[in-house]
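First comes the structure, then the notes that go with it.
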Amino acid sequence: MSVREKLKALDLQLPEASAPKGDYVPVVVYNGVAYVSGQVCRLAASVITGPARVGTSDEILALAARTCVLRALSALEQAVGDLNNVKRILFVRGFVYAEDGYQNYSKILDEASRLLIDVFGERGRHARSALGVAGLPSNGLLEMELVVAVI
């Protein structure tokens with residue numbers, strides 16, 4: 001099953017790849033490795049905002065993670081032409097805009113990790129960092145970067 005077919009089976013679709021909002025490129029591919037710039041949890045014209053708090057619903061946290069993954073995959077597809085060219089997700093880095101004292105960064109990134117594994121199977125298993133930060137662009141709750149081995 002192709003990656004696009006897998007996404008459809010999961011009832012997910014990639015958003016339009018967006019243009020960078022600064023002086024950088026969305027993805028750099030070098031020597032078979034794609035570096036995907038940070039993707040904030042942006043839905044169309046709005047952003048899922050932080051900070052994450054103890055009372056932030058699991059649904060909002062999961063939506064932020066899924067949104068970042070789908071945006072990253074959209075940028076990646078635009079750069080490599082086809083997501084079936086992904087050999088392996090190597091690394092995921094997540095930045096969580098969180099209230100002082102919040103500790104569940106890994107829980108938020110677990111949703112992103114599960115989605116990558118659901119989409120790519122064993123090729124989706126990766127190393128990861130989850131970091132808490134004092135703020136993100138547009139007050140986004142989450143920003144994610146990917147490092148991906150590609151054909």
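Below are the figures for this structure:
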| quantity | calculated |
| --- | --- |
| Average Cα contact separation per residue, region 75-151, under 8 Å, 6 or more apart, as relative contact order % | 51 |
| Options Leu142, Ala127, Tyr97, ranked by Cα towards positive dipole end of the chain, top entry (Cβ charges) | Ala127 |
| Accessible surface, the chain, averaged per residue in Å² (probe 1.4 Å) | 52 |
| Cα point-scatterer Debye curve for region 18-74, base-10 log of I(q)/I(0) at q = 0.19, 0.23, 0.28 Å⁻¹ | -0.75, -0.95, -1.18 |
| Straight-distance crosslink candidates among lysines, where the alpha carbon sits under 27 Å from Lys107 and sequence neighbours closer than 8 are dropped | Lys6, Lys8, Lys87 |
| Dimensionless Rg/Rh of region 86-133 - Kirkwood Rh, Rg from C-alpha atoms | 1.05 |
| Helical contribution to [θ] at 222 nm, DSSP H n ≥ 4, -39,500 (n - 2.57), averaged over the chain, rounded to 500 | -10000 deg cm²/dmol |
| Selection of trypsin sites (Lys or Arg not before Pro), region 1-63, meeting DSSP coil and at most 15 other Cβ within 10 Å | Lys21, Arg53 |
| Cα-Cα separations in the chain greater than 23 Å, expressed as whole percent | 30 |
| Taking the chain and dividing mean pair separation by its residue count, relative contact order in percent (alpha carbons under 8 Å, at least six apart) | 36 |
| Whole-Å semi-axes of the ellipsoid equivalent to region 51-133 (Cα gyration tensor, √5λ, descending) | 25, 12, 11 |
| Between 0 and 90°, nearest 10: helix 105-120 axis offset from the chain longest Cα axis | 20 |
| Nearest-ten-degree value, helix 58-80 long axis tilted from longest Cα axis of the chain | 30 |
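The values are calculated or read from the model by the stated rules, or taken from the named source; none is laboratory data. All of these numbers come straight from a predicted model, not from anything done at the bench. Here the Cβ is made from the backbone with ideal geometry for all residues, glycine too, and neighbour counts use every protein chain on show. These area figures cover heavy atoms from the full protein model, side chains too; ligands, DNA and RNA do not enter into them. Shrake-Rupley method; radii C 1.70, N 1.55, O 1.52, S 1.80 Å.
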